[in-house]
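Worksheet for the structure shown next.
Please treat every number below as a calculation from the coordinates, not as lab data. Fair warning: this is a prediction, and the values are worked out from it, not measured in the lab. Every residue, glycine as well, gets a Cβ built from its backbone with ideal geometry; the counts of neighbours run over all protein chains shown.
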Amino acid sequence: MKNKIIDAIAKLGQSVWLDNLSRNMIDSGELNQLIQEVGVRGQTSNPAIFEKAISEGDFYDKDIEKFAQQGMNSKDIFEHLAVNDIQRATDLFRPLYDETRGEDGYVSLEVEPGLVYDTEGTIAEARKLWGMVNRPNVMIKVPGTEAGLPAITQLIADGININVTLLFSVERYRAVTEAYLDGLQMRLDRGQPIDHVASVASFFLSRIDVMLDPVFKNMIKTNPDKAEKAKFVLGEVAIANAKKAYEVFEEVFSSDRFHKLAEHGAKKQRVLWASTGNKNPDYDELKYVNPLIGPDTVNTMPDKTLEVAQQKATPANTVRDNMSHVNKVWSTLPELGIDMEDVGDQLEKEGVEKFADPFNKLLGAIEEQRKAQV
């Protein structure tokens, strides 16, 4: 019996995924319970999540010892640890993947953060990880940077499922949808099937308000001419940004271009709401959940947000609600000197660092254990 609230959200077209992964979660049966009893329909990971999982506890120690004695370096060891976890998680989700004919049941694994501005390196790494995991319901996470766009096209053309990550701006999101369609068209032009290729575009939320709220609060205190407008947009930008992205989603995936691909079985590239844990105690715990429920969406929730959502989320088709308010927020931002493309660029750089730092820390921790074994 699934959780009634999460099940009701699923019936509205939104899949709830879990933004966490660890070996302990798999070993203890917790992940299977979340799938069977809560209704979680997918899972995402990133270097910060793996760093936490591997550094807390001894769940990976025996494997690190074994791989070190086989002569692997720290990066190879990490890949083998991560791939093993991803394989086991995808196997738990496989019945859902089969039941939904590839609409759900995916687990994401990220390419190395150091490749974020390296197109060819990203393509090579994604192909390698795809081959190592060797499961149809894995998604390889590729950052939606400018260098990532041609990589996305090539990898989709290869038939590799892609989770495009680190999206903060509507215009970059639009470019990502085009990269996805380009990849499908390339594959189709080669006479290859496209009906099994899946992708999501991960659009980040809370980090936008975390960055902009202090700017608006400062305006309210120090700039009487802009104070009222700053009050109006305070805490409103991330949701407005996401709803504008969803407008683009609806436009692109109702286009003639997509319909022609859909005749050959193409799937829509769903919008995935990421960074949906609220970081501001002044805001509702489900600030980045309740306003963004609707068709062809995913919300990947951290553990705490998922726990709250099971009790308090309000299942309703809200993603298109309050668009007049959203448009007013959108038009007010330039009047306050806020350029959302610039905001997106800055948050992308910060996002790269937030994944690169724990990845380097993780490799350092593995290296220490590796040296102790050789």
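What to note about this one:
- Between ASP98 and GLU353, the FRET efficiency estimated from the beta carbon spacing at R0 = 51 angstrom works out to 0.85.
- Between GLU251 and LEU336, the FRET efficiency from the beta-carbon distance, with R0 = 25 Å, is close to 0.40.
- Taking 0.36 nm per residue of separation and subtracting the Cα-Cα distance, full extension of the segment from THR314 to ARG174 would add 47.5 nm.
- Ranked ARG41, ARG174, criterion: other C-beta atoms within 10 Å, fewest first: ARG174, ARG41
- When you filter the trypsin sites (Lys or Arg not before Pro) in region 217-291 for DSSP loop state and at most 15 other Cβ atoms inside 10 Å of their Cβ, you are left with LYS279.
- If the segment from ASP282 to ASP76 were pulled out straight at 0.36 nm per residue, it would be longer than the present Cα-Cα gap by 69.8 nm.
- Between GLU263 and ARG127, the C-beta separation translates, for a Förster distance of 30 Å, into a calculated FRET efficiency of about 0.60.
- Dipole magnitude of the chain, debye to nearest 20 (Cβ charges: Lys/Arg +1, Asp/Glu -1, about Cα centre): 580 debye
- Computed over region 3-107, the alpha-carbon pair-distance distribution with 5 angstrom bins reads 2, 12, 21, 22, 16, 12, 8, 5, 2, 1, 0, each value a whole percent.
- Mean Cα-pair separation over length for region 11-86, i.e. relative contact order, pairs under 8 Å, 6 or more apart, %: 34 percent
- Candidate aspartates and glutamates for bridging to LYS312, where Cα separation is under 15 Å - those fewer than 8 sequence places away on the same chain excluded: ASP7, ASP284, GLU285, ASP303
- For region 238-320, taking the reciprocal of the average inverse distance between every pair of different Cα atoms yields a Kirkwood hydrodynamic radius of 14.0 Å.
- Residue exposure proxy: MET139, MET186, MET219, ordered by other Cβ atoms within 10 angstrom of their Cβ from fewest to most, comes out as MET186, MET219, MET139.
- The amide H of LEU272, built 1.01 Å from its N in the peptide plane, has ALA201, SER202, PHE203, VAL298 as neighbours under 5 Å, considering only residues 5 or more places off or on other chains.
- For region 303-327, the residues whose backbone nitrogen is under 15 Å from a point 7 Å from the Cα of LYS4, taken along Cα to Cβ, are 310-316.
- The spread of Cα positions in region 189-303, taken along each principal axis and listed from longest to shortest, comes to 61, 34, 22 Å.
- Between region 335-372 and region 185-226, the alpha-carbon centres lie 16 Å apart.
- The GluC sites (Glu not before Pro) of region 1-62 meeting both criteria, a DSSP state outside H, G, I, E and B (loop) and at most 11 other C-beta atoms within 10 angstrom of the site's C-beta, are GLU56.
- Footprinting exposure proxy for ASP321, ASP27, ASP213 (fewest neighbouring C-beta atoms within 10 Å first): ASP27, ASP321, ASP213
- Stokes-Einstein diffusion coefficient of region 61-113, Kirkwood radius over Cα pairs, 10 °C, 1.306 mPa s, in µm²/s: 126 µm²/s
- Dipole magnitude of region 1-160, debye to nearest 20 (Cβ charges: Lys/Arg +1, Asp/Glu -1, about Cα centre): 460 debye
- Contact order normalised by residue count of the chain, Cα under 8 Å, 6+ apart, percent: 22 percent
- Percent of Cα pairs exceeding the 22 Å cut-off, where the set is region 282-356: 47 percent
- Hydrodynamic analysis of region 116-233 uses the Kirkwood radius over alpha carbon pairs. Inserted into Stokes-Einstein at 37 °C and 0.692 mPa s, it gives a translational diffusion coefficient of 205 µm²/s.
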